[in-house]
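**Student:** This is the structure I want to talk about, given as C-alpha cells.
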Amino acid sequence: MQKKYFMTLALSLVVSLISASALAQSWEQTQTSTDEDLLIQAIVDKGDSPEDIHNVNVACKRLSIYGTPKAIPALVALLSNEKQNFNGRFALEAMPFDEADAALLQAAQDLTGVCRVGVIDSLGVRGKDAAVPVLVQIAKDDADPAVQKAVYVALSAIASADAQTALLAKAQEDLSALPFENQRALADSVLALAQKREEQGQLADAVTLYLSVAQNETFPLFTRKAGLYRSLLCQREDAIPTVVAILKGETNPLNGAQPKDAFNVALKTVREFPREVGAKLIAAICDAFNDLPAENQPIVLRAFGAFWGDGMPTAPAEILAKAAQKNDEPMLQLAAVLAATDQGTPTFVEVPFEAWAKSDELRSAYLKYAALYAGKLEKYDPDQYAKFCQELTDALAANLEADQLLFLVNVAEESRIKQTADNLVKIASTRQGKLRDAALAALAEIVELDDLELLVNALNGETDDQKVDWILRAACTRMPREECAAKVAELFAAADVDAQNKMLPLLKQIGGQTALNAVANACNGATIDKATQILGEWNTPEDAEAVAKVCLTIAQQAQDAKYHSRGVRGYIRIARQFDLPVATKIAMCQTAFEVARRPEDKKLIFEVFKRNIIADNVGAALEYVKYDEFKEDACEAAVFVAEKIHVSQPDWNWNEPTDDQNKANAAKILVDGMKKVVETTGNADLKARAQKLL
C-alpha cells in the first residue's frame, strides 16, 4: 500500500511539473506571438486564476495590434466576464473594423451592470455617431445610476451633433429625481462638450451648452455657476450688457439661485476677459455705477482695484473720489481707499477728516494709503499734495481726542510730511505716553539735517536714556555721516549739560572722526562722566585706533582716579575687542601697563593676550613674570594660550624639527614659555599643566 501511495504521489508531481512547464511556455509564446490563431486560443482556453487573467491580458494586447475580425467573437465572449471585461474591451476599442463597433453596440444592449458600464465607456472611446441612439435608449431603459452616468460621459466623448442634441435635451429636463452624482455627471459631461465646442471655435454652440447647465435649477449650484462663467467669457464683448445687468440686479441667469451668486460670477469675469474687452466692460460698469445696488458698490470697487491699470479707462478715479466723500457710507469709503491702494493711481483719493478720524478700519486703510502714495502725490499732483499736507498739519494742531491724534501722527510719520514737524514737536512737548512716543518716532523719520534741532528740542525732559538713544539714532542713520556728526556737534556746543549728556550716545552711534572729536572735547568739562563712559562703549571698528588715542590721553592726563581708570580700561578694551595687528596689541598692552596706576587695571592686559591664540602672546605674557605682583597672572595667561593652541592642533609636536620657519619659531616660543612657567610659578596646578604640554 505504501509503495502504491508513493508511486501515485510521484506521478502527480510529474504531471504538475509538465503542466507548469507547458503554462510557462504558453505565456512566453503569447507575449511574443503575432499568430492570431494562437492568441485566440489563449483567450478561448482561459480560466479565472490570476495567471489566466494575466495571460488573457497579454493576448488581448497582442490582438489589439495584430487581430482581425476573426478574433472579434472570442473577444466579445470576454465582455460578460467582470474579471475579463476590460481585456476584451481594450482590444475591441483599438480595432479599425466596423465589426468591432457592431459587437460593442450589441454587447451594450445585451449586458447589464458593471459589464454594460465598461462597454458604454468603450463606445465613447470609439466615438461613432451610430452609438448615440443606442446610448439614449439605454439611458431611458436602465435606471442603474452607474449606467446612466456612463451614457452621459460617452455622449460627451462622441461629441457629434446628435450627441450634443441628446445631451442638451437631457440637460433641459427636470433632473430633481436623479441622484446627486448623476446630476453632477450630466452637468460635467455637458460642460466638457461645451469646452470642446469652444476650443473648436463653435462659440454659439458652446454658449448654448453652457447656459443649459447654468439655467437648470436642478443641477448642483457649483456646476451652474461654472456654466454661467464660461458662457459669459465665450460671448466676449457681446457679454458686456449681460454682465452689467447682472451687477445691477436686473437679471439672474442662475434660475432659482440667490442674486449674489450670479453677481459674484459676473464680477469674476472682469479679470478674465481679454484686456480690450475688459477695458470696455469696466467703462460700461462705471457708467452704470450709480445704478448698482448700494450693497454691491463697495464690492465692485474692491474688485476693480486689482483690474484698473495701464490701458484702462480714467473714469474709475472719478468714482473713487466720489465714493471716498460719502461720509454716510463708511463701507463705500473704505472700499474706495483700498481700491486706490491696489490700483496705484497717481490721482489721490481724499477722504474727509471727519470720516476717517472716527472709523478704526478706515483709519488703518487710509494710513497705508497715505504712506504709499504721498510720494506719488508730490510727483504727480503737487496741488493735491499741498492740500493734503496742509489739512494734516491743521488737524495735528486741532484739539482732538488722543486716539484720533495718534492716528494723525502715524499718518505724518508714514507719509514723511516735513511741514508737520513743528506740530509734532508741540505734541511731544505737551502730551504723554503713546502719543508722545509716536510724535518722537514720527519726528525721527521726518526731520532732516537742517532741522535736527527740532528733534533734540522735543527730547528735552525725556528721562529714558535708551528711548533718547533710539529716537536720535533712527533720525541720524538716515543722514550723511560726517555732515550729521558736524550738525550734532554744533547743537551739542549750544545745548545745556543735560541735553549734551543725551546727545553723547548719539555721537557714538554716528561714529567717525567728527563725532569722536566732539566726544573727546566733552571729556574736558561738566560732561566728562558721560563722555568717558561713551568712549568705553565706542563700537565702530574703523574708529578703533583713534578712540584708543583719546582714551590714552585721558589716562595720561586725568587727575581724578575714576577717569584715569576709565581711560586705561577704554584703551585696553580697544586692544581686546577690535581687530588690530598682534604686534600693535602687544605694544598697546605694554603702554597700558606702564600708564595704569591700579594693579587691577594693569592685570587687564592679560585678558588681551588670552583673546588671541597665537604663540607670540605666550612670549608677550611671560615678559611680565619679572613683576612679582603679576607673575602668576602672566603664567596663567601663557599656559591658557598654549593649551588652546594644543587643542586646535593636537598632532603638532613642538619638539619635532620642521622646515617651516614660522612654525619652528612658534614651537620655540611655546617650549621655552612652558619651561619658564615651570621654573617660575608657585602654583602647582599651573606647573603641572605646563609640564604636561612639554
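**Student:** Ranked highest first by average number of other Cβ atoms within 10 Å, how do 322-335, 391-404, 473-486 line up?
**Tutor:** Highest mean packing first, the order is 322-335, 473-486, 391-404.
**Student:** Taking only Cα atoms of the range 156-245, what ratio of Rg to Rh do you get with Rh as the Kirkwood inverse-distance radius?
**Tutor:** 0.97
**Student:** Using the Kirkwood radius over Cα pairs, work out the Stokes-Einstein diffusion coefficient for the chain at 37 °C and 0.692 mPa s, in µm²/s as a whole number.
**Tutor:** 91 µm²/s
**Student:** Which aspartates and glutamates, on any chain, are close to Lys687 with Cα under 19 Å apart, when same-chain ones fewer than 8 places away are left out?
**Tutor:** Within the straight-line cut-off, Lys687 pairs with Glu623, Asp628, Glu629, Glu632, Asp633, Glu636, Glu643, Asp672, Glu679.
**Student:** Sticking with this one: Within 10 Å, at most 15 other Cβ atoms, and a DSSP state outside H, G, I, E, B define an exposed site. Report the longest part of the chain free of exposed chymotrypsin sites (Phe, Trp or Tyr not before Pro).
**Tutor:** 98-626
**Student:** Additional query: Taking 0.36 nm per intervening residue step and subtracting the Cα-Cα distance, what contour gain separates Asp672 from Gln109 on full extension?
**Tutor:** This chain segment gains 192.0 nm when fully extended.
**Student:** Which FRET efficiency, nearest 0.05, do Lys692 and Gln590 yield, Cβ-Cβ r, R0 30 Å?
**Tutor:** 0.50
**Student:** Here is a further query. How high is the relative contact order of the chain, in percent, with contacts defined as C-alpha pairs under 8 Å that are six or more residues apart?
**Tutor:** Computed value for the chain: 4 percent relative contact order.
**Student:** To continue, here is another question. Straight-line reach from Lys602: which lysines fall under 22 Å, measuring Cα to Cα and dropping same-chain residues less than 8 apart?
**Tutor:** Lys549, Lys562, Lys585, Lys610, Lys626, Lys631, Lys676
**Student:** In addition: So how far apart, in nm, are the two label points at Thr251 and Ala161 if each is 7 Å from Cα heading toward Cβ?
**Tutor:** It is 2.8 nm.
**Student:** Can you pull the one-decimal nm distance between simple spin-label points at Tyr66 and Lys268, each 7 Å off the Cα toward Cβ?
**Tutor:** Calculated label separation equals 5.3 nm.
**Student:** Using the crude model of +1 on Lys and Arg Cβ and -1 on Asp and Glu Cβ, and no other charge, please compute the dipole size for the chain relative to its Cα centre, in debye to 20.
**Tutor:** It comes to approximately 1720 debye.
**Student:** Still on this structure, I have one more. Per residue of the range 182-191, what does 6.51 cos²θ - 1.76 cosθ + 1.60 with θ = phi - 60° give for ³J(HN,Hα)? Whole Hz please, x for Gly and Pro, Karplus curve as stated.
**Tutor:** Rounded to whole hertz, the list is 6, 4, 5, 5, 5, 4, 4, 5, 5, 5.
**Student:** Which FRET efficiency value, to the nearest 0.05, do you get for Arg597 and Thr477 by plugging their Cβ-Cβ distance into 1/(1 + (r/R0)^6) with R0 = 41 Å?
**Tutor:** Plugging the Cβ-Cβ distance into 1/(1 + (r/R0)^6) gives 0.60.
**Student:** For Lys434, list the lysines whose Cα falls under 30 Å from its own Cα; do not include residues on the same chain fewer than 8 positions away.
**Tutor:** Within the straight-line limit of under 30 Å, Lys434 reaches these lysines: Lys358, Lys368, Lys376, Lys387, Lys418, Lys426, Lys467, Lys487, Lys502, Lys508, Lys530.
**Student:** Please determine, in degrees from 0 to 90 and to the nearest 10, the orientation of helix 433-446 with respect to the longest principal axis defined by the Cα atoms of the chain, where the helix direction is its Cα long axis.
**Tutor:** 90 degrees
**Student:** Sort the range 92-160 into rounded, prolate or oblate with this rule: let a ≥ b ≥ c be the square roots of the eigenvalues of the Cα gyration tensor; rounded if a/c is under 1.5, and if a/c is not under 1.5, prolate when a/b is larger than b/c, oblate otherwise.
**Tutor:** Prolate, because a/c is 1.5 or more and a/b exceeds b/c.
**Student:** Loop-only check: which trypsin sites (Lys or Arg not before Pro) in the range 45-121 are DSSP coil with at most 14 other Cβ within 10 angstrom?
**Tutor:** Lys83
**Student:** Hand me the GluC sites (Glu not before Pro) from the range 74-176 located in a DSSP loop with no more than 13 other Cβ atoms within 10 Å, in residue order please.
**Tutor:** Glu82, Glu173
**Student:** Starting from the alpha-carbon convex hull of the range 72-125, give the projected area averaged over all orientations, in nm².
**Tutor:** Approximately 3.0 nm², given one-decimal rounding.
**Student:** On C-alpha positions alone, give me the angle between the axis of helix 582-595 and the longest principal axis of the chain, in degrees, nearest 10.
**Tutor:** 40 degrees
**Student:** A further question follows. Would you report the distance distribution of C-alpha pairs in the range 515-578 as whole percents per 10 angstrom bin, up to the bin with the largest distance?
**Tutor:** Result, from short to long distances: 25, 61, 13 percent.
**Student:** Now a separate question. Which value, in Å to one decimal place, does the Kirkwood hydrodynamic radius take for the range 388-518 when every pair of different Cα atoms is included?
**Tutor:** 14.8 Å
**Student:** Compute the accessible area per residue over the range 522-582, keeping the other protein chains in place, probe 1.4 Å, unit Å².
**Tutor:** About 45 Å² of surface per residue is accessible.
**Student:** When the label point is put 7 Å from the Cα of Phe97 along its Cα-to-beta-carbon vector, which residues of the range 47-76 have a backbone N closer than 12 Å?
**Tutor:** 63-76
**Student:** Percent of accessible area on the chain owned by carbon and sulfur, 1.4 Å probe?
**Tutor:** 51 percent
**Student:** Gain in length, Lys83 to Lys426, computed as 0.36 nm per residue apart minus the alpha-carbon separation, to one decimal in nm?
**Tutor:** Gain on stretching Lys83 to Lys426: 114.5 nm.
**Student:** So how tilted is helix 131-141 from the main axis of the chain? Cα-based, degrees 0 to 90, rounded to 10.
**Tutor:** 90 degrees
**Student:** Would you calculate a helix-derived [θ] at 222 nm for the chain, using -39,500 (n - 2.57) for each DSSP H run of n ≥ 4 and dividing by the full residue count, to the nearest 500?
**Tutor:** -23000 deg cm²/dmol
**Student:** Right, here's the next one. Pairs Lys61/Lys149; Lys128/Lys170; Lys196/Lys225; Lys170/Lys248; Lys268/Lys326; Lys663/Lys692: which are spaced more than 24 Å apart, C-alpha to C-alpha?
**Tutor:** In this structure, Lys61/Lys149; Lys170/Lys248; Lys268/Lys326 exceed 24 Å between Cα atoms.
**Student:** If you take the beta carbon distance between Asn665 and Asp685 as r and set R0 to 35 Å, what does 1/(1 + (r/R0)^6) give as a FRET efficiency, to the nearest 0.05?
**Tutor:** Calculated transfer efficiency: 0.80.
**Student:** At 0.36 nm per residue, minus the direct Cα-Cα distance, what do Arg275 and Asp35 gain on full extension? Give it in nm, one decimal, please.
**Tutor:** 80.3 nm
The values are calculated or read from the model by the stated rules, or taken from the named source; none is laboratory data. Predicted model only: the values in this text are computed from it and were never measured. Every residue, glycine among them, receives a Cβ derived from its backbone with ideal geometry; neighbour counts consider all protein chains shown. For the accessible areas, the whole protein counts, side chains as well, though only heavy atoms, and no ligand, DNA or RNA atoms are used. Shrake-Rupley method; radii C 1.70, N 1.55, O 1.52, S 1.80 Å.
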